[in-house]
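*Asks:* Sharing a structure below in C-alpha cells format, with a few things to ask.
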Amino acid sequence: MKWFVRFFCAVTAVSLFTSCFFETRSSLSLTASKSVFHLIALNDQAKKADVQKDAASPYLYFAFSNELLEKTASLLPAHSHASLTVSFRLEDSSSAAGIALGFLYASDFSSRYSLKKGSLPSRPLVKGNVSPSSLGSNTLSVSFAFPLQTDNPVKGFFVYSSRELSVLSSSLDKPFLGWSFKDDVRKFGFAPSGGIIPDSPSQARSLGLDFSQGSELGLPPQESFVLASFRNLSEDTGAIEQRNAVVFDTGFETFTVLRSPIQKSARFYASQLVPQSQSLTITRNEEMVTELLYTSPYTLDSISRSSAPHQLIPLKTDPGLIVLWDSEEWRNDDFELFSWELFPSVLILDFKNYAVQDEFLRRLAFFVEKKGYTGRLITDEELGSQHGFNAHDYRAESLASFFALADKESFPLNDKELLLRHILLEQGVLKLEGSNIVSGEGALLSISQESSLSLRYTLLGHECLHGIYFTHDEFRKYNAQVFKQADPGTLAFLTGYFTITPTLNYDIEDRYLIENEFMAYLLQQTLQQTPQYFINMSNRGSVLKGLPELSSYIRQTKAQGFTDSASQLQDYIFKHYGLTAGRLALVSRNKS
C-alpha cells in the first residue's frame with residue numbers, strides 16, 4: 001500500500017500549469033439518461049483516455065461539457081444525487097495497479113476549462129490496489145456518488161493509475177453502494193465520502209455490505225433496499241429434505257434465503273430493517289452471492305418522484321417479508337402494494353382491514369367467484385352487507401372481464417375500484433387496445449391486516465399458490481392431470497365442502513376455479529400437516545351435517561387421497577420453483 005502514500009502526496013502537491021489545460025474533445029464520452037455527451041480532456045493523457053507505460057503523468061483530467069452540466073441540472077428535483085461511473089481496463093495483468101478516482105469541483109478551476117495553478121486540495125477518493133488475477137477480470141467499473149446541488153458543484157473528474165490503464169467509458173447513473181460480480185465487469189459503488197475498492201471477490205463477500213452511508217445517496221427512504229443477487233447453479237437449491245440457504249446478518253436480525261432454481265435476487269428494504277442496522281454480512285454460503293447493493297428502483301431517467309405516483313409502484317419483495325411488513329411504513333394510508341420477487345407479474349395488496357379490502361375487491365369477488373352472481377356487475381344495494389373474502393386472488397383475464405364490462409355498461413364503479421384499475425393498467429396486468437380493456441400479464445392477490453399473524457401466513461400462502469396457477473400454463477396442465485387422477489371420494493368431499501360453506505359459495509361448475517382451489521387447499525400446509533387438516537375439516541359441525549358419509553370416508557382413509565395428490569403437486573413446484581407445500585416464502589427473518 002506504499003503507493004497510497006505516494007499518491008496522496010502527489011494529489012495534493014502536483015503542479016498544474018495552465019498551458020496544459022485547453023479545450024479538447026476527448027475520445028471519451030459520458031452517457032447520462034440515454035444521451036451521450038462529450039467530455040473535455042484537460043491533459044494529454046486524458047485525450048488518449050489511458051495511462052501508458054512511462055507516461056509523463058499518471059493522471060487523466062476531464063471536465064464536464066456545458067451540455068452535460070445542463071443535463072445534471074435537469075435531474076433536479078427528481079434526484080438529489082447521481083453517481084459518476086467509470087469503467088477501466090487494466091492493461092498489465094502481471095501485477096496490481098494502484099488506482100484512484102476523484103472529482104474536480106468548481107473551486108478547482110480558474111476558468112471554465114482551466115484548472116488553477118498549484119496543487120489540488122485533498123478530497124474524498126475512491127481508491128484501491130487491484131489486479132486482474134485477484135478480481136478475476138481485467139475490467140472494473142467504479143461508481144462514485146456526488147450531490148447535484150451544492151455550493152461547490154462537481155465540474156469534472158480525474159483518474160490516477162500507478163500502471164498501464166485505459167478508461168473505457170463513463171456515465172451518470174443512480175447512486176448505489178456495494179459490489180457486483182454478475183458478469184465479466186467487476187462493479188463497485190461508493191458514497192460521496194469515497195472508500196476502498198476490495199482487492200478480490202472473496203474479500204468483498206467476507207466484508208458484506210456497509211450501508212451506514214446510505215443516507216448520503218439521497219435515495220427515497222421507504223423504497224431503498226439492500227439487493228442480494230445469486231448465481232444460478234442447479235445444485236444450489238439442494239433437496240426438499242435438506243434445503244440450501246444463504247444467511248445474512250445485520251447484527252440485530254438475520255435473513256434466511258432458501259435457494260430456488262429460478263431465484264435471481266432478494267430485497268431487504270431499509271424501512272423494514274432494525275433502525276440501528278448499518279451493515280449486512282453473509283454468514284452462510286457466501287459463494288452463492290454474486291451481488292450485494294444498497295440502492296433504489298429509480299433510474300436517472302425516471303419520472304420525478306415529486307409528481308409521479310410512486311406510492312403506486314409495487315415494492316418487489318418476498319411473501320415471507322410482506323406478512324411481517326410494518327404498516328407504519330406504508331406509502332398509502334390504507335394499503336400497500338407489492339409484487340412477488342420470484343414472480344414479479346403477481347401483484348399483492350395488503351389492506352388496513354376487511355372493510356377497505358371490500359371497497360376494492362368485494363364487487364369483483366361476486367363477479368368472478370360467487371355462485372349466483374358470476375358474470376354480473378351488482379350494485380351496492382344488492383351487495384348490502386355481504387362480505388367478499390378475507391383474502392383474494394384474480395387472474396388477468398377475470399380482471400379484464402370485470403373492468404371491460406363496467407366500461408361497456410357505464411357501470412358506476414367506486415373510487416377504490418377505479419384506483420385498482422389504474423394500478424392494474426400501469427403494471428401491465430391489464431392493457432388498453434384502443435379504448436378496450438384486455439388482459440395483460442400477471443395476477444392480483446390480497447390479504448388484510450385484520451387477519452391474525454398466523455392466518456396472514458396461511459392466507460397469503462394460499463393466495464400465492466393461485467398466483468402461480470394463474471401465470472404458469474404448464475403448472476395448470478400438470479394440476480389438471482393430478483385432479484383427474486385423484487381419489488373420487490376425496491374430490492367429492494372437497495367440492496361438497498366448497499358448496500356447503502357459506503363464506504365460500506364457490507361455483508363448482510367452473511372447472512378452472514375448482515381445479516385451482518383443489519391445488520391451493522392441498523399445498524397451503526406442509527405434507528405432514530395435510531392429513532390432520534382435512535380430518536379436522538371433516539369433523540366440523542356444518543360439514544358433519546352437510547356431508548356425513550363423505551366426512552366419515554375422509555376419517556376412515558386418514559385423508560390419504562389428499563396426501564397423495566399433495567405429494568405429486570409438491571414434487572412439481574419444488575422441481576420448477578424451489579417451493580414446497582406450506583412454504584411459499586423463500587425469505588424469513590429472525591432476531592439475532
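*Asks:* Looking at (1) over 25 Å from residue 271 (Cα atoms); (2) among the charged types (D, E, K, R); (3) within 20 Å of the chain's Cα centre (by Cα), can you tell me which one residue 186 breaks?
*Replies:* Going through the list (1) over 25 Å from residue 271 (Cα atoms); (2) among the charged types (D, E, K, R); (3) within 20 Å of the chain's Cα centre (by Cα), residue 186 breaks only (3).
*Asks:* Right, next: Condition first: closer than 26 Å to residue 247 by Cα, among the aliphatic types (A, V, I, L, M), assigned by TED's automatic domain parsing to the domain that holds residue 280 and part of a loop (DSSP other than H, G, I, E, B). Can you find one or more residues in segment 142-157 that meet it? Don't jump to the end; show me each part of the working.
*Replies:* Kept after step one, since they are closer than 26 Å to residue 247 by Cα, are these residues of segment 142-157: none.
Scanning segment 142-157, I find no residue that is closer than 26 Å to residue 247 by Cα, among the aliphatic types (A, V, I, L, M), assigned by TED's automatic domain parsing to the domain that holds residue 280 and part of a loop (DSSP other than H, G, I, E, B), so the answer is no.
This table checks each residue for (1) over 25 Å from residue 578 (Cβ atoms); (2) in a loop (DSSP other than H, G, I, E, B); (3) of a type outside the set (Phe, Trp, Tyr).
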site: 248; (1), (2), (3): no, no, no
site: 251; (1), (2), (3): yes, yes, yes
site: 266; (1), (2), (3): no, no, yes
site: 282; (1), (2), (3): no, no, yes
site: 290; (1), (2), (3): no, no, yes
site: 331; (1), (2), (3): yes, yes, yes
site: 347; (1), (2), (3): no, no, yes
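*Asks:* Let me ask something else. Evaluate segment 73-82: report whether one residue or more is in the same structural domain as residue 202 (by TED's automatic domain parsing) and under 30 Å from residue 203 (Cα atoms).
*Replies:* First, pick out the residues of segment 73-82 that are in the same structural domain as residue 202 (by TED's automatic domain parsing): 73-82.
From the residues that got through so far, the ones that are under 30 Å from residue 203 (Cα atoms) too are 81-82.
Yes, the conditions are met somewhere in segment 73-82.
*Asks:* Let me ask something else about it. Can you confirm whether residue 535 is out of contact with any strand residue (DSSP E or B) (no Cβ under 8 Å at 6 or more places or on another chain), part of a helix (DSSP H, G or I), within 24 Å of residue 570 (Cα to Cα) and not assigned by TED's automatic domain parsing to the domain that holds residue 392? Write out each step before concluding.
*Replies:* Values: out of contact with any strand residue (DSSP E or B) (no Cβ under 8 Å at 6 or more places or on another chain): yes; part of a helix (DSSP H, G or I): yes; within 24 Å of residue 570 (Cα to Cα): yes; not assigned by TED's automatic domain parsing to the domain that holds residue 392: yes.
Considered against the rule, which asks whether it is out of contact with any strand residue (DSSP E or B) (no Cβ under 8 Å at 6 or more places or on another chain), part of a helix (DSSP H, G or I), within 24 Å of residue 570 (Cα to Cα) and not assigned by TED's automatic domain parsing to the domain that holds residue 392, residue 535 comes out as yes.
*Asks:* Ok, one more. Tally time: how many residues in segment 564-582 are buried (at least 19 other Cβ atoms within 10 Å of the Cβ), of a type outside the set (Phe, Trp, Tyr) and not in a loop (DSSP other than H, G, I, E, B)?
*Replies:* Looking only at that region, the number is 5.
*Asks:* Further, regarding this structure: Output yes when any residue across segment 396-417 is assigned to a helix (DSSP H, G or I), at pLDDT 95 or above, of a type in the set (S, T, N, Q) and assigned by TED's automatic domain parsing to the domain that holds residue 364, and no when none is.
*Replies:* The answer is yes; a qualifying residue exists.
*Asks:* For residues in segment 123-171 being among the hydroxyl-bearing types (Ser, Thr, Tyr) and farther than 23 Å from residue 82 by Cβ, which is surrounded by the fewest Cβ atoms within 10 Å (Cβ to Cβ)?
*Replies:* 133
*Asks:* Name, by its number, the condition in (1) on the phi < 0 side of the Ramachandran plot; (2) in a strand (DSSP E or B) that does not hold for residue 206.
*Replies:* Here residue 206 meets the rest and fails (2).
*Asks:* Then there is this: If I filter segment 18-38 down to residues being at pLDDT 50 or above and small (Gly, Ala, Ser), which single residue comes out as nearest to the chain's Cα centre (by Cα)?
*Replies:* Checked segment 18-38; the qualifying residue nearest to the chain's Cα centre (by Cα) is 33.
*Asks:* Another question, if that's okay. Filter segment 156-187 down to residues that are closer than 25 Å to residue 38 by Cα and small (Gly, Ala, Ser), then give me how many there are.
*Replies:* The qualifying residues number 6.
*Asks:* On to the next question. Can you find a residue in segment 59-81 that is free of Cβ contacts under 8 Å to residues at least 24 places away in the same chain and at positive phi?
*Replies:* No, because not a single residue in segment 59-81 is free of Cβ contacts under 8 Å to residues at least 24 places away in the same chain and at positive phi.
*Asks:* Consider only pairs whose beta carbons are under 8 Å apart and that are at least six residues apart or on different chains; among these, list those whose first residue lies in segment 98-123 and is farther than 15 Å from residue 69 by Cβ and whose second residue is of a type in the set (S, T, N, Q) and assigned to a loop (DSSP other than H, G, I, E, B).
*Replies:* Correct list of pairs: 98/162; 99/162; 107/152; 117/15; 118/15; 119/15.
*Asks:* On to the next question. Could you check segment 421-531 for strands (runs of 3 or more DSSP E) lying wholly inside it with 1 or more residues that are at pLDDT 95 or above, of a type in the set (Val, Ile, Thr) and surrounded by fewer than 17 Cβ atoms within 10 Å (Cβ to Cβ)? Let's see the steps before the verdict.
*Replies:* Numbers: elements: 430-433, 436-439, 443-448.
Strands (runs of 3 or more DSSP E) meeting the threshold: 436-439.
*Asks:* Which one of these does residue 108 not meet: (1) within 23 Å of residue 195 (Cβ to Cβ); (2) of a type in the set (D, E, K, R); (3) modelled with pLDDT under 95; (4) buried (at least 19 other Cβ atoms within 10 Å of the Cβ)?
*Replies:* So the condition that residue 108 fails would be (3).
*Asks:* Testing residue 362 on (1) assigned by TED's automatic domain parsing to the domain that holds residue 330; (2) in contact with a Phe, Trp or Tyr (Cβ under 8 Å, 6 or more places away or on another chain), one condition comes back false. Which one is that?
*Replies:* Unmet for residue 362, out of (1) assigned by TED's automatic domain parsing to the domain that holds residue 330; (2) in contact with a Phe, Trp or Tyr (Cβ under 8 Å, 6 or more places away or on another chain): (2).
*Asks:* When you go through (1) closer than 30 Å to residue 55 by Cα; (2) in contact (Cβ under 8 Å) with a residue 24 or more places away in the chain; (3) of a type outside the set (Phe, Trp, Tyr) one by one for residue 173, which number turns out not to apply?
*Replies:* Condition not satisfied by residue 173: (1).
The values are calculated or read from the model by the stated rules, or taken from the named source; none is laboratory data. Model, not experiment: these values are computed from the prediction. Don't worry about glycine lacking a Cβ; one is built from the backbone with ideal geometry, like all the others, and counts go over all protein chains shown.
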